[in-house]
1. Principal axes first, then extents: for the Cα atoms of the stretch 67-170, list largest minus smallest coordinate on each axis, whole Å, largest first.
2. With every protein chain kept in place and ligands, DNA and RNA left out, what is the accessible area per residue of the stretch 23-135? Probe 1.4 Å, answer in Å².
3. Starting from the amide H of Ile132, placed 1.01 Å from N in the peptide plane, find each other amide H under 5 Å away whose residue is 5 or more places distant or on another chain.
4. Hey, with R₀ at 22 Å, roughly what FRET efficiency would Ala58 and Ser136 work out to, going by the Cβ-Cβ distance, to 0.05?
5. Rounded, prolate or oblate for the stretch 66-109? Axes are the square roots of the Cα gyration tensor eigenvalues, ordered a ≥ b ≥ c, and the cut-off for rounded is a/c under 1.5.
6. If I compute solvent accessible area with a 1.4 Å probe over the protein chains, what percent of it on the stretch 40-170 is carbon and sulfur?
7. Please list 3J(HN,Hα) in residue order for the stretch 121-134, calculated via the Karplus relation 6.51 cos²θ - 1.76 cosθ + 1.60 where θ = phi - 60°; whole Hz, with x for glycine and proline.
8. Could you give the nm distance between label points at Trp36 and Arg166, where each point is 7 Å from its Cα heading toward the beta carbon?
Amino acid sequence: MNPRAKTVLERREDARRAERHSKMVVNISDPSESIWFVIPRVPTSLNKMLRKHWSFRAKEQEIWNDEVFIAVPIERRQQWKKLIFKEDGKPNPAVHVQVEIKVVWAKRRLDPDGLTGSLKPILDAMRKNRLIYNDSPRWLTLIPTQKLTSHAGGQPRTEIFVRCVRKALA
């Protein structure tokens, strides 16, 4: 097992242990709640991902699941769940989620369709961790952006900003 994956697994276990011991009661009153978090890695480009074996893609997806799980604190996940889901676990129809994902590359940027396609594992990880209900246009607006690091030796990373937008029910 590579050292990076071992670290992610250890961090995930620590987060789960803390979640089991957490008994927070959270109250959401602001409909414009948002979550911002940074993951210290960038997605694999769509072209590279499509050429990989299915087992590599599955491992890559599991790493993104872990990274999103670790990046968002337990309390924020509980708050967010109460905001976008009803008490019965179904999605709140009055809520639309806007997700802005900024990928900061070290070397070069991707073409627009490659960027959007490379974000699928991140959206799937957000769905698995219940930060979004679904990635269909009815529930989510995706805003993909990218830039190069501002200085030599800058860290590549993925910055994710999730905003809840109330929509009027007709």
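The values are calculated or read from the model by the stated rules, or taken from the named source; none is laboratory data. Quick caveat: nothing in here was measured; it's all calculated off a predicted structure. As a convention, Cβ positions derive from the backbone with ideal geometry for all residues, glycine included, and neighbour counts pool all protein chains shown. Note: areas computed on protein heavy atoms with side chains; ligands, DNA, RNA excluded. Shrake-Rupley method; radii C 1.70, N 1.55, O 1.52, S 1.80 Å.
1. If we take the Cα atoms of the stretch 67-170, the spans are 49, 30, 19 Å.
2. Numbers: 6320 Å² over 113 residues.
The answer is 56 Å² per residue.
3. Those lying under 5 Å, H to H, from Ile132 are Arg127.
4. Step by step, r from the Cβ atoms, then E = 0.45.
5. Because a/c hits 1.5 or more and a/b fails to exceed b/c, the stretch 66-109 counts as oblate.
6. Details: 3950 of 7370 Å².
Summing carbon and sulfur atoms, their accessible area is 54 percent of the total for the stretch 40-170.
7. Coupling constants for the stretch 121-134: x, 5, 5, 5, 5, 5, 5, 4, 8, 6, 8, 9, 7, 7 Hz.
8. Output for this residue pair reads 2.3 nm.
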